[in-house]
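Heads up: the structure comes next, in structure tokens.
The values are calculated or read from the model by the stated rules, or taken from the named source; none is laboratory data. What you see is a predicted model; the values in this text were computed from it and never measured. Every residue, glycine as well, gets a Cβ built from its backbone with ideal geometry; the counts of neighbours run over all protein chains shown. Side chains included, ligands, DNA and RNA excluded: accessible areas come from the protein's heavy atoms. Shrake-Rupley method; radii C 1.70, N 1.55, O 1.52, S 1.80 Å.
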Amino acid sequence: DAGITQSPRHKVTETGTPVTLRCHQTENHRYMYWYRQDPGHGLRLIHYSYGVKDTDKGEVSDGYSVSRSKTEDFLLTLESATSSQTSVYFCAIKGGGADAGELFFGEGSRLTVL
Amino acid sequence: GDSVTQMEGPVTLSEEAFLTINCTYTATGYPSLFWYVQYPGEGLQLLLKATKADDKGSNKGFEATYRKETTSFHLEKGSVQVSDSAVYFCALGLNTNAGKSTFGDGTTLTVKP
């Protein structure tokens, strides 16, 4: 158990509303990631963080922002949700030591934008 | 850029059949290679990995060998079970670039009794 929790697990919202997804880890890992999963696209990286207040864009970052004010929390915000952002969102942390390179995933947050 | 191409699905097999899911990659450095599995309603979890050429990763009867000459990391299992039904993702990860990983599109496997 990598100690990753995502919230909310399910959310339905309307176009134009802001949405924040939270990822919380208990393992004190440096690297955290947000992915989205869509049929036919596998997992695509949205944003990642390599430390407190250190974040960078992934391949599909448009329309998303992130923040990491504490090691344990990584927030993904959709400032104004659109229907194209309907997806399943996964948070992941990168293992260290013997697990170096391996990603540990949360259980996902299913977002529906109407 | 880095990329992973894996066999398109869905794949449907009968119980005890042999499984192969092909995976090839393109990378500028020397990546580690991974297979992740996703069961319905869950997040991805590591199935096996290999960190250098000719390494063989294995777990739960699944195997994959890191082939640098063919840039491949094919997943195999000699006898699948119904409980192996899941989505399988091939991925590569580099030690640079904040350890970002690149994933294939996933292959859905259904095993019928």
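At-a-glance table
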read-out: Debye intensity ratio I(q)/I(0), log10, chain B, q values 0.15 Å⁻¹ (C-alpha model); value: -0.59
read-out: Choice from B:72, B:14, B:85 with maximal GNM fluctuation in chain B (Cα, 10 Å cutoff); value: B:14
read-out: Nearest-20 debye value, chain B charge dipole, Cβ charges on Lys, Arg, Asp, Glu; value: 260
read-out: Accessible area buried, both sides summed, chains B and A with 1.4 Å probe, Å²; value: 1500
read-out: Cβ charges +1 (Lys, Arg) and -1 (Asp, Glu), total dipole of chain A, debye; value: 160
read-out: For residues of B:1-14, the mean tally of beta carbons on other chains within 10 Å; value: 0
read-out: 1.4 Å probe accessible area per residue over chain B, in Å²; value: 48
read-out: Whole-Hz couplings from phi, Karplus 6.51/-1.76/1.60, listed for the range A:103-111; x for Gly and Pro; value: 9, 10, 10, x, 8, x, 10, 8, 10
read-out: Under 19 Å from the Cα of residue B:77 - aspartates and glutamates, other chains or at least 8 residues apart; value: B:8, B:15, B:16, B:54, B:55, B:63
read-out: Alpha-carbon gyration tensor eigenvalues x 5, square-rooted, for the protein assembly as shown, Å; value: 29, 21, 15
read-out: Cα-based reach from residue A:70 at 12 Å (exclusive), listing aspartates and glutamates while leaving out same-chain residues under 8 positions away; value: A:54
read-out: GNM flexibility winner over chain A from A:77, A:17, A:55 (Cα, springs under 10 Å); value: A:17
read-out: Average projection area in nm² (convex hull over Cα atoms of the range B:47-113, one quarter of hull surface); value: 5.2
read-out: Top positive-direction residue, dipole computed over the range A:18-62 with Cβ charges, set A:60, A:46, A:23; value: A:23
read-out: Chain A: relative contact order as a whole-number percent, Cα under 8 Å and 6+ apart; value: 34
read-out: Within the protein assembly as shown: Cβ-based charge dipole about Cα centre, in debye rounded to nearest 20 (Lys, Arg +1; Asp, Glu -1); value: 340
read-out: Loop-located GluC sites (Glu not before Pro) in the range B:1-39, at most 11 other Cβ atoms within 10 Å (DSSP); value: B:16
read-out: Peptide A:27-40 - average C-beta neighbours from other chains (10 Å radius); value: 2
